[in-house]
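Just so you know, all these numbers are worked out from the coordinates, no wet-lab data involved. What you are looking at is a predicted structure, and each value in this text was computed from that prediction instead of being measured. Neighbour counts are summed over all protein chains in view; Cβ atoms, including those assigned to glycine, are modelled from backbone coordinates with ideal geometry.
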Amino acid sequence: MNRTFLTIYSICILFYTASCQQPHKKQQASGPQPDMEFVPLASVAKQRYAAEAQAYCEKYLNDNVFSGAVLVAKNGEIVYEQYSGFKDYRNKTTVTPETPFHLASVSKTFTGMAIMRLWEQGRIGLEDSVQQYFPSFPYHGITVRMLLSHRSGLPNYLYALETYWNKKVKATNQDVINYLIQFQPPRQQWPNRNFHYSNTNYILLASILEKVTGIGFPQYMRDSVFVPLGMHHTFVFSIADTASYVPTYSWNWREYGMDHLDCTYGDKNIYSTVRDMLLWDKAMYQHTFVKRATMDTALVPQSNERKSMHNYGLGWRLFQSATDSVVYHNGKWHGSNTVFCRLVQDTATIIVLGNRLNRNIYASRRMAAIFSGKSEENVLEE
């Protein structure tokens, strides 16, 4: 009798322990759940979108001048893809859906939203000063919000390093910060006066993320952003990866080799594919990376000194008119030209990633006419 009681008691304890632990494990594994569902496309509409996107690409992004990848999506569904040219021109390695491209300044959308997620978690304040993380930083009066919105007035390190930096040495983020502390190149303007685009802002944001999390930016982004979202061909390039560097190209296929500015990150140096970028886009629509309220905060225009349809939020360029709401970022670095254009009112997205210098890429926003039915002549900021 006692032995039977003990057996039953043991089974009950095991069952209770397992039932208590299981929900916790499930919650950790699943992450945030989508708060909206995309409306499925009718096959006729999907075919029409595809035909119009193809006609545009044949006219402006044909195989003779374009090397890269194009993806056009509506309601979370791919309606058109194109892969052209070469990943490696010397070895004639062609571009495929798995080919990652240097995103250039489109990388800022990831850095900005990673910071916003830390803010959502209460680990960082938008009004925190830079000195809270780098006490010796000589430029005062600058907050995290000003870095995110390009209102810090900081000099752009891409040009500031021209004076004293040894160009035979590849600079890291910490090198840039040390350089600013030592040489104190002049500000572009006083903090929070107006918008002034500076890559230095996002170098600092990536380094602040490292201070807050205690994890290197490449690893944090892999473990906390790319892998959870299923972005398996996306990564941050750093000085540890120089042996695997793949060049970009000028219009005549001349290689852009590595230089002293090719190993900094936060402002650039995230590589991705168009399909992975669609996953990033869907995470923004469905709020599976940050909550809706956090996303809304990131999309509030921060620079309103003069009335314009063009503005900048926290990590995103904005184009807003009476009939349009475009959330986007473009990029340029060496031979990389990139477009990540989110047509919010149409729940549509245009992604173009190129590795051969081609300014036609920046006009890709005109494909919005596929969804809006009207001519899209307003030029977005490069």
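Note on the range 170-253: Cα convex hull, mean projected area over all directions, 8.9 nm².
Could you state, as a whole-number percent, how many of the C-alpha pairs of the range 283-379 are farther apart than 18 Å? Tail fraction, whole percent: 51.
Largest GNM mean-square fluctuation across MET309, MET231, MET113, computed for the chain with C-alpha springs under 10 Å, falls on MET309. Each Lys and Arg adds +1 at its Cβ and each Asp and Glu adds -1 at its Cβ; summed about the Cα centre, the chain shows a dipole of about 180 debye. Candidate cross-link partners of LYS87 among the lysines, defined by an alpha-carbon separation under 25 Å and a same-chain spacing of 8 or more, comprise LYS59, LYS108, LYS170, LYS268, LYS332.
Ellipsoid semi-axes for the range 142-296, based on the Cα gyration tensor and the rule √(5λ), read 26, 23, 15 Å when sorted largest first.
Once every Cα of the chain carries one equal point scatterer and solvent is ignored, give the base-10 log of I(q)/I(0) from the Debye formula at q = 0.11, 0.12 Å⁻¹, two decimals. For the chain, the Cα-only Debye profile gives -0.79, -0.93.
Convex hull volume of the C-alpha atoms in the range 89-161, normalised per residue: 153 Å³.
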